[in-house]
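The structure under discussion appears below in the form of C-alpha cells.
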Amino acid sequence: KPKAQRLATLGKGDSWPEYSEEPSGDTLQALRKSWALFIPSTSIDVLFPQSGLRTHDDCMSGCDLLSKAIGYSRDNNDSSLLEMLDFIFKWAACAVLLRDHTSGFRKLLSTILDLFKRLDELSYVISDGEALLLLPYLLDKAGVAKFHFKEEILAIFTLVTTKKVYTSQKFGPVCMKVLEKSKSNPSRPLAAELCSIAVQSAGVSAIGKKGLVVLSSALNEETVAEAKKVYIDLFEIVVEKLKGDTDKLFSAIKPTDKVKAMIMERCGNQPVATQGSPRRSPPRKTVPPVSHYSPTSGQEAPALSSSAVVTGNLRARLQKSKETKLSEESPRLPPSIDTTATKSPAPHSPRTPSTDTMYNEIMTDINFMTKSDECKASDIVRGTDAIQLLSTVISTKERSSLDPIQEGAFREKIESDYNTCMLTVASALNFAFDYGGKNAPLPTALINQTVTALSLLLRMQCCSSEMKQKTVEYLVNVTVSALLD
C-alpha cells in the first residue's frame, strides 16, 4: 500500500497501537514485515537485528542506516524517503521506548533531529497521522529522561514547531493527548508546559475546546501538587487570551466546583486585557532556537562526568591553567582556548529591551556555550559574560546597568523560571570541567563566575519554595563531581 493508504488504516486493524499503549513485540514484527516489501532485506536485518531490540544500544546500527538515507536525500536532492516516513516514525517510536543506554539514546535523538531538519529542507509538513506515530511517545519520554536528554527532545520540538514542520497550533493537541493519557507523573505537567507555549504562540485554538475540557478533567483528578500548579498556570494563560472572560471559559468546559474555585482563585481578579497589555510569560520557556546551536553535540554537557575519569589528570590541568596566564586585554578568555580564534562579540552592554528579552538572551548564550558542536573562544567568553551579568543583577552588593525597577523585574523573571535558570547555570559548571579533554587546562574564569552565580541563586528567597527535587539532585551531582575531581 502507498503511504496515504497506510496512514488511512491507522487504528483500524493495522496493528499499530493508539497512544498511550506501547508497541509490543508483535507490533514490531508486523512493522518489519510491512517495511520489508519496500526496502532490501539487508536493510531490514540492520533495522531489526536477530538479537532483538532491547536497549538503545541495539538501535545504533539502524540509526546509522537512517542517517545514510537522510544524507543521500540531502546530497542528491531526493525526496523518496517521504514515502517511507510512517515506517521511519514507527521504528523511531519503538526505539525511543527501549531501555536506556546513553550513547545509543544520544545517537537516536541526533538521528531524529537530523530527520526533521531534512523534512524542513524539503518544506514538508507532517500530517496529523504521522505526528501521532512519534511525537506523543517522544514527549512522554522527555518527562522521565535525564535532564540533558530532556533538553535535546525539547530542542527537537522547537525545531518542529518553529520551522513549521508541524505548527504550534497542531502540536497543542499532541501535548493534550499526553496530558490526558500519560501514566508518567513528570510527563503530564511537561505536556501542559508545552501547551502553554503553544497557546501563547497560536492562541486558545492551539488546544481548542476539547483540550480545555481535557485540562479541566485533568485538574479535577490530578493528585500531584506540582502538576496541578502547571495546569492552573495554563488556565491562567487561557484566561489572558480570553481577555479575562472566565464566564466564557466556564460556559465552554462546564468545570466542577473544585476546578472552578481553583481557576477563580488564580484568575478571578484578573483585569480584562487590552491590546498592548503585558502578558504573563508561560511557566516554562522554550529552549533557545535550534538554529543557534546543536543539542546533539558529542560533548556530555550537561551530562555528568565520572570523577574517576578526571581525577588522575586534574592536577596537571590546574598546573597548566596557572602556567597559561591570560592577557590583561582579555581577562575572561579561558586559558584552554586559542587566542587567535575569531574575535568574540562585545560583552553584554547596558540593555534597553524588556527584562524577558534580556533574560532569554542570557540563557541562550549559556546554552549556546554548553551545547555547541564546536565551542569557540568567543562562545565561552560570551557565556562567561552572560553568567557574570546574571550574578550582577541578582547581587544586592553590585550595581548593574539596570535601574532599580528593571532589576526588580529581572529578579522576578528569575524566580518565575527558577529551576530552568539553576539547571542552565549548573550545566556550565559541568561543561567547564569537561571542556577540552583531560589534558586541557581548566577554564578557571568560567568556573569562578559559575560558582558565584550558583551561590547567589541559592541565596535567593525563593530557593526553598521554588527549587524542585530534580533540580537539587542535579545540582548536588554536578557540584560533588566537581569537588571530588
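No lab work stands behind these numbers, since they all come straight from the coordinates. Please read all numbers here as calculations on a predicted model, not as lab measurements. Using ideal geometry, Cβ is built from the backbone for each residue, glycine included, and neighbour counts are taken over all protein chains shown.
Listing for the model above:
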| read-out | value |
| --- | --- |
| Normalised contact order of the range 213-263, rounded percent, pairs of Cα under 8 Å and 6 or more residues apart | 50 |
| Members of LYS181/LYS468; LYS146/LYS170; LYS229/LYS258; LYS177/LYS241; LYS90/LYS210; LYS117/LYS181 lying beyond 20 Å, as alpha-carbon distances in this model show | LYS181/LYS468; LYS146/LYS170; LYS177/LYS241; LYS90/LYS210; LYS117/LYS181 |
| Two-decimal log10 I(q)/I(0) for the range 1-67, as the Debye equation yields it once each C-alpha is a single scatterer, q = 0.20 Å⁻¹ | -0.95 |
| Cβ-Cβ FRET estimate between SER123 and ILE39, R0 fixed at 22 Å, reported to 0.05 | 0.35 |
| Alpha-carbon centroids, the range 73-97 and the range 362-383: separation in whole Å | 31 |
| Simple label model, 7 Å out from Cα along Cβ direction - SER20 to GLU374, nm | 4.4 |
| Convex hull volume per residue in cubic angstrom - Cα atoms of the range 182-275 | 87 |
| The range 172-225: Rg to Rh, with Rh as the Kirkwood radius over Cα pairs | 0.94 |
| Between the range 232-269 and the range 406-470, the Cα center-to-center distance that results, in Å | 35 |
| Contact order relative to length of the range 132-174, as percent, for alpha carbon pairs under 8 angstrom and 6 or more apart | 31 |
| Extension gain, ASN448 back to ASN477 (0.36 nm per residue minus Cα-Cα distance, nm) | 8.6 nm |
| Whole-Hz couplings from phi, Karplus 6.51/-1.76/1.60, listed for the range 144-152; x for Gly and Pro | 10, 6, 4, 3, 5, 6, 4, 5, 5 |
| Whole-angstrom gap from the range 20-55 to the range 180-214, using each part's C-alpha centre | 32 |
| Evaluated at q = 0.11, 0.13, 0.15 Å⁻¹: base-10 log I(q)/I(0), Debye formula over Cα of the range 26-178 | -0.40, -0.57, -0.77 |
| Trypsin sites (Lys or Arg not before Pro) within the range 103-209, DSSP loop, no more than 11 other Cβ atoms inside 10 Å | LYS183 |
| Extension reserve of the PHE250-GLU226 stretch, reckoned as 0.36 nm per residue once the Cα distance is removed | 6.3 nm |
| Of every Cα-Cα pair in the range 197-248, the percent that sits beyond 12 Å | 65 |
| Difference of contour (0.36 nm per residue) and Cα-Cα distance, ALA8 to ARG54 | 13.6 nm |
| Alpha-carbon radius of gyration plus Dmax, which is the widest Cα pair, for the range 223-268 in Å | 10.1, 29 |
| Ratio Rg/Rh [Cα only; Rh per Kirkwood] for the range 406-466 | 1.08 |
